[in-house]
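The values are calculated or read from the model by the stated rules, or taken from the named source; none is laboratory data. Everything numeric here is computed off the predicted structure, so don't read it as measured data. Positions of Cβ are generated from backbone atoms using ideal geometry, with glycine treated the same way; all protein chains shown enter the neighbour counts. Just so you know, the surface numbers come from the protein's heavy atoms only, side chains and all, with ligands and any DNA or RNA stripped out. Shrake-Rupley method; radii C 1.70, N 1.55, O 1.52, S 1.80 Å.
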Amino acid sequence: MILNTFSTGARWLCLVVLVAILPGGSAEIVVLNGTAGRLKVTLNDGWSFHKGDLEAGHLAGLTDSTWVNVDLPHTWNAEDAFDKRPEYYRGVGWYRRVLNLVDAGPDKRHFIHFEGANQVADVYVNGQHVGQHIGGYTAFTVDATDQLRGDGADLIAVRVDNSHDPNIPPLNADFTFYGGIYRDVWLITTSDVHFNMLDYGGPGVYAVTPSVSETAAALRVRGSVKNDRLENAAGVLTATLFDPQYRPVASTQSTIEILAGSISEFILDLGEIADPKLWSPEAPNLYGVTVAISVEDLLRDVIRVPLGFRWFRADADDGFWLNGKRTPLYGTNRHQDYPTYGNAVPDEIHRRDVNMIKQNGFNFLRLAHYPQDPAVLEEADRLGLLVWEEIPIVNLITISEAFATNSENMLREMIRQHHNHPSIVMWGYMNEVMLREPRPEIPEGYYERLLDLANRLETISKEEDGSRLTAMAQSLHEVYNGRGLSDVSDVLGMNLYFGWYYHDFETFGAFLDSLHAAHPSRPLMISEYGAGSDERVHTRQPRAFDFSTEHAQAYHRSAFLTIRERPYLVGSGVWNQFDFGSSHRQDTKNAINQKGLYFFDRTPKDVSYYYKAHLANKPVLHVERERLSRAGSIPGDSLYSLRVYSNHDTVRLMVNGVPYDARATANATTVWDVGFIQGSNNVEAIGTTESQTDRDRVVVRFEDRRPMFTSFTPLGSEIAVNSGAHYSYVDDEGRVWEPDRDYHEGPWGGVGGRGSRIHHRIYGSHDDPLLQSTRIGAAHYRFDVSAGLYEVEFVAAETERKQEGHRVFNLAVNAVPFANGLDLTAL
Ligand code: GCB
Ligand code: CA
């Protein structure tokens, strides 16, 4: 249990919370009459869940004893979003829970606060509808006071629906829209005079710094108070600023009149704060402001919001500036899901993710493509990350007033809910919404309505919060064909995939320069760039879209250099920090977008160390280790290039005790051509900078298959070929399937046919990168092995239900047929 005490003044206060845990049941929540402050209690535990819709889902008479017991956060798509069926359940689910609340007094108000439910939620208390919320990524609060009986058996029922709705963004996107109450739920009890709890899910209290410099800052708090009494109330408001050591440093008081049943707004000026400790990624000095309201000398409500003193701007010529210092934003994007949890991840995982991003050396985080959990923002404040947060308008809009209204509402919710986080520097509201051109079904008037919506959202952003920059992300063709959209927000984010979806790395820089020259007053930012990879896929000839780790690393080494050489850029965000769930994806791992610097389970990819070596403020030395199983059957196969990512000046390498030359690091990389021997190879890198030395070791297993061509080796030796592929594949057993090759004077290779690769999911197997490639057409393989007894295994898959007879194999070994008319569809 954590007990927080605030001590800001002499007259008050004492926060009394009594929670009795009943054996085997949920907590009994006892609220004592006349106590001060507010009570916030988790409602995460003890829910019953039913997948599907029910007419009487909200009624007490319904028996829910057969429902599944769940705790929140919860999603119903944690499994079906990853199976090989492209669809996942998008529909209704019901949640019910008894609230064991013993209410000792009439002067209390009870609110239920949902941090997020995807995507439409209807909340019922004792059978009565108390609120509906639209949108899966923002929080909302309902006032349940009038429906609660406080007899220990109050029934809360929530109907959640994640069906597609043309009026609710996102309409479609490259991530999974997991349904459910997937974030924390709280009961918040206040007295009957309290800060506005129904302010777009926000705290109702907002701290602003109209001016900040190194020597002085102005601080103002605005907000609103609700009086739920039948008579008018005269209150005293107290705002106190606490420094990062929790010492009060400034305070102000003022009186407020609130008419019965109404809301009064207030502004409190805390005057000038001398020598504020500035907030920055290097020194995230986090202040806090508490605001309290007392009536008749008794504290009624108190709230604490975070505060950081900092100022910033984005310039079209020299990028991002924080606290008067040029601070290029080098960072990453993050989605909120995780293996086995889907999007219903506990706060610990949110916080750990943000920590990993910080540890990677980044100073920037784009929360794409939607507002994220409060734990994410709290951690970004605490650790010092500059954040772009956005609402989920992705890929396209619907031309309807309902879509526009829902979007505006989400934007206001996001801004109010996260307004107080000093980490936030940009509010975003659209991502790649111009539809891919040419696209015949573009509705009449689409671009005009889009521009109109963008302008409406821009206006709201500034109206809600003029202190932040606004941003929008566009794809390559959109940046060209802006149609006015590219100039609406303060910063233009560009999602650019040179060397992945199109063009190549080398043309990336020239493109940026020409765009900057054509639009010299636009602050430009790379909001996304990235390449997918799979630790099982390796090649000496990396190509775009082959998912080899070698290509992804080459991509990032080139892209980040290009970015760093361009001081006019506001910054950049890798797409993505972590691999994430995208149910429609059919890359080499089903339903996963693999562009992470980390795998979905948060193990780091080698390429993450490239960034760490560049950006982290500590020694980094990392021998690549995604390719520890290697095999070779042709001359030269034992020679491999091996990379070490480091910020040391020089790196030395030892392989099996043999020293290689010391090399100077360039672009945080050193590369060696290493000869491996059969079996285990000990690789050790030694990095040195002045007197500092670090070591990193890996063991590489090399299977030398060349002897098979000179002598018969009866047991345990094999050659496995990844037919039709230029990359090798390592399966679950550690077997290395070598890249295909054509036969030229031995020792083996394919004759006839040609290599071909599809990007479809393979049913019934997760060896997708092995089975997605094949040599098509009449072909045979020749292996010049010595005489002996061999086993030949033929592995094949059909990707879709083809007509019988579509693909038929006749197999023969040494011209002796052993299977004729083999038709996988007919099996
Ligand atoms: C983008 C989108 C993002 C996708 C990404 C990709 O431009 O903004 O949602 O996930 O590309 O990986 O294709
Ligand atoms: Ca949370």
Restricting to region 331-389, and then to whatever is among the hydroxyl-bearing types (Ser, Thr, Tyr) and within 16 Å of ligand 2 (Cβ to nearest atom), can you tell me which residue is farthest from Gly581 (Cα to Cα)?
Tyr370
When you scan region 54-67, do you find a residue that is in contact (Cβ under 8 Å) with a residue 40 or more places away in the chain, within 28 Å of Pro371 (Cα to Cα) and open to solvent by less than 50 Å² (accessible area, probe 1.4 Å), even just one?
no
So, Asn77, is that one open to solvent by less than 50 Å² (accessible area, probe 1.4 Å), in contact with a Gly (Cβ under 9 Å, 6 or more places away or on another chain) and within 16 Å of ligand 2 (Cβ to nearest atom) or not?
no
Which members of region 627-666 meet the condition of being acidic (Asp, Glu) and surrounded by 15 or more Cβ atoms within 10 Å (Cβ to Cβ)?
Asp637
May I ask you to verify whether Ser514 is hydroxyl-bearing (Ser, Thr, Tyr) and away from ligand 1 (no atom under 15 Å from the Cβ)?
yes
Check whether at least one residue in region 328-349 is closer than 30 Å to Ala274 by Cα, more than 16 Å from ligand 1 (Cβ to nearest atom), modelled with pLDDT of 95 or more and in contact with a strand residue (DSSP E or B) (Cβ under 7 Å, 6 or more places away or on another chain), and report yes or no.
yes
Looking at this structure, is Tyr88 within 16 Å of ligand 2 (Cβ to nearest atom), touching a residue at least 24 places away in the same chain (Cβ under 8 Å) and not in a strand (DSSP E or B)?
no
If I filter region 516-550 down to residues being in contact (Cβ under 8 Å) with a residue 12 or more places away in the chain, part of a helix (DSSP H, G or I) and open to solvent by 10 Å² or more (accessible area, probe 1.4 Å), which single residue comes out as farthest from ligand 2 (Cβ to nearest atom)?
His516
Taking region 454-492 and the residues there that are among the basic types (Lys, Arg) and not in a helix (DSSP H, G or I), the one that is most open to solvent (accessible area, probe 1.4 Å) would be Arg483
Contacts under 7 angstrom Cβ, first residue in region 132-150 being within 16 Å of Trp186 (Cα to Cα), partner open to solvent by less than 20 Å² (accessible area, probe 1.4 Å) and acidic (Asp, Glu), 6 or more apart:
Thr138/Glu413; Ala139/Glu115; Leu148/Asp154
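For every residue, the table says whether it meets (1) in contact with a His (Cβ under 6 Å, 6 or more places away or on another chain); (2) of a type in the set (Lys, Arg); (3) within 16 Å of ligand 1 (Cβ to nearest atom).
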residue: Ala454; (1), (2), (3): no, no, no
residue: Thr459; (1), (2), (3): no, no, no
residue: Leu476; (1), (2), (3): no, no, yes
residue: Tyr480; (1), (2), (3): no, no, yes
residue: Arg483; (1), (2), (3): no, yes, no
residue: Val488; (1), (2), (3): no, no, no
residue: Met494; (1), (2), (3): no, no, yes
Conditions: (1) modelled with pLDDT of 95 or more; (2) buried (at least 22 other Cβ atoms within 10 Å of the Cβ); (3) basic (Lys, Arg). Arg90 meets all but one. Number of the miss?
(2)
Filter region 658-675 for residues that are touching a residue at least 12 places away in the same chain (Cβ under 8 Å) and small (Gly, Ala, Ser); which is nearest to Ser641 (Cα to Cα)?
Gly675
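If I ask for residues that are under 24 Å from Arg705 (Cα atoms) and in a strand (DSSP E or B), which ones from region 655-689 would you list?
Val655, Val658, Trp672, Asp673, Val674, Gly675, Gly679, Ser680, Asn681, Asn682, Val683 - these are the residues of region 655-689 that are under 24 Å from Arg705 (Cα atoms) and in a strand (DSSP E or B).
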Tally time: how many residues in region 273-300 are at pLDDT below 95 and of a type in the set (Asp, Glu)?
2
In region 235-271, how many residues are open to solvent by 80 Å² or more (accessible area, probe 1.4 Å), among the acidic types (Asp, Glu) and within 38 Å of the chain's Cα centre (by Cα)?
2
Quick count over region 680-697, residues being modelled with pLDDT under 95 and either under 13 Å from Val623 (Cα atoms) or among the small types (Gly, Ala, Ser) (or both), is 1
Elements of type strands (runs of 3 or more DSSP E) contained in region 729-819, each with 2 or more residues being within 26 Å of Gly636 (Cα to Cα)
736-739, 748-751, 754-757, 773-776, 780-783
For region 581-626, enumerate the residues that are polar (S, T, N, Q), closer than 21 Å to Ile563 by Cβ and open to solvent by 30 Å² or more (accessible area, probe 1.4 Å).
Asn617
Note down all Cβ pairs under 8 Å where the first residue falls in region 209-233 and is within 22 Å of Arg416 (Cβ to Cβ) and open to solvent by 80 Å² or more (accessible area, probe 1.4 Å), the second is in a strand (DSSP E or B) and among the polar types (S, T, N, Q), and they're at least six residues apart or on different chains.
Arg220/Thr209
Being among the small types (Gly, Ala, Ser) and either within 16 Å of ligand 1 (Cβ to nearest atom) or assigned to a loop (DSSP other than H, G, I, E, B) (or both) is the filter here; which residues of region 46-85 pass it?
Gly46, Gly52, Ala56, Gly57, Ala60, Gly61, Ser65, Ala78, Ala81
Qualifying positions in region 350-402 - aromatic (Phe, Trp, Tyr) and under 24 Å from Tyr609 (Cα atoms)
Phe362, Phe364, Trp388
Quick check, is Gly753 modelled with pLDDT of 95 or more and either on the phi > 0 side of the Ramachandran plot or open to solvent by 50 Å² or more (accessible area, probe 1.4 Å) (or both)?
no
Of the residues that sit in region 161-190 and are charged (D, E, K, R) and open to solvent by less than 20 Å² (accessible area, probe 1.4 Å), which one is farthest from Thr145 (Cα to Cα)?
Arg183
Answer residue from region 690-728, given it is part of a strand (DSSP E or B) and among the basic types (Lys, Arg) and is surrounded by the most Cβ atoms within 10 Å (Cβ to Cβ) among those:
Arg701
Name the residues in region 806-826 that are open to solvent by less than 50 Å² (accessible area, probe 1.4 Å) and touching a strand residue (DSSP E or B) at 6+ places or on another chain (Cβ under 9 Å), would you?
Leu811, Ala819, Gly821, Leu822, Asp823, Leu824
Checking the structure you have, find out if any residue of region 220-234 is over 22 Å from Thr190 (Cα atoms) and basic (Lys, Arg).
yes
Taking the options Asp103, Asp107, name whichever one is open to solvent by 40 Å² or more (accessible area, probe 1.4 Å) and at pLDDT below 95.
Asp103
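Counting just the residues of region 110-120 that are under 29 Å from the mean Cα position of the chain (by Cα) and away from ligand 2 (no atom under 16 Å from the Cβ), which one comes out least open to solvent (accessible area, probe 1.4 Å)? Can you show your working first?
Within region 110-120, the first condition is being under 29 Å from the mean Cα position of the chain (by Cα), and the residues that meet it are 112-120.
When the remaining residues are screened for being away from ligand 2 (no atom under 16 Å from the Cβ), the result is 119-120.
Working: Gln119: 9, Val120: 24 Å².
In this case the residue turns out to be Gln119.
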